[in-house]
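First comes the structure, then the notes that go with it.
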């Protein structure tokens with residue numbers, strides 16, 4: 001079912017990109033995206049224990065790109081994702097509680113725009129940043145060992161392919177496919193300044 005939803009969104013993206021979308025020097029684009037992450041998928045699929053349910057929210061992202069030339073842009077991005085472990089009947093007291101993990105990423109991103117088509121802005125690039133991991137555990141049980149968090153870590157991402165199209169003036173839609181955090185695939189809206 002998820003493949004059908006993603007295919008439908010991409011089809012709509014291509015269908016509504018009739019307005020000029022090629023990047024021009026001096027142009028700025030602000031984007032808000034929701035992303036599917038590989039870590040989120042693995043977290044949901046993990047079978048930690050029969051008394052533990054794992055869930056993950058989509059990676060929520062904001063990005064800004066400034067076109068240095070018609071083919072190169074430089075910008076930044078922020079991303080946040082939350083993971084949750086729900087424990088039932090834990091320990092001697094049969095306690096129910098939640099453990100929450102979250103990651104916040106701040107990065108710079110450089111993009112190369114290509115395709116030369118008036119109605120599409122296609123790009124690839126590199127995102128380099130730092131990710132901060134944090135944990136919040138809802139129990140005071142001294143025997144509970146919370147999920148390990150490493151604090152600040154290096155968070156690179158290779159943006160394999162991105163596409164933008166504008167549906168109403170400067171308002172548009174976009175999609176990105178990447179390797180590394182914070183997302184594997186994302187969809188969103190953007191506004192061109």
Residue exposure sequence - 84, 44, 145 - by fewest surrounding Cβ within 10 Å: 145, 44, 84
Neighbour-count order for 141, 92, fewest beta carbons within 10 angstrom listed first: 92, 141
Measure of compaction for segment 22-116 (Cα Rg per 2.2 N^0.38 Å): 1.59
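Tell me, 124, 63 in order of fewest to most beta-carbon neighbours within 10 Å?
Details: 124 17, 63 23.
Result, fewest neighbours first: 124, 63.
All of the numbers you see were taken from the coordinates with simple rules; none came from a lab. This one's a predicted model, so the numbers in the text were calculated from it and none came from an experiment. Note that we place each Cβ from the backbone using ideal geometry, even for glycine, and neighbour counts take in every protein chain shown.
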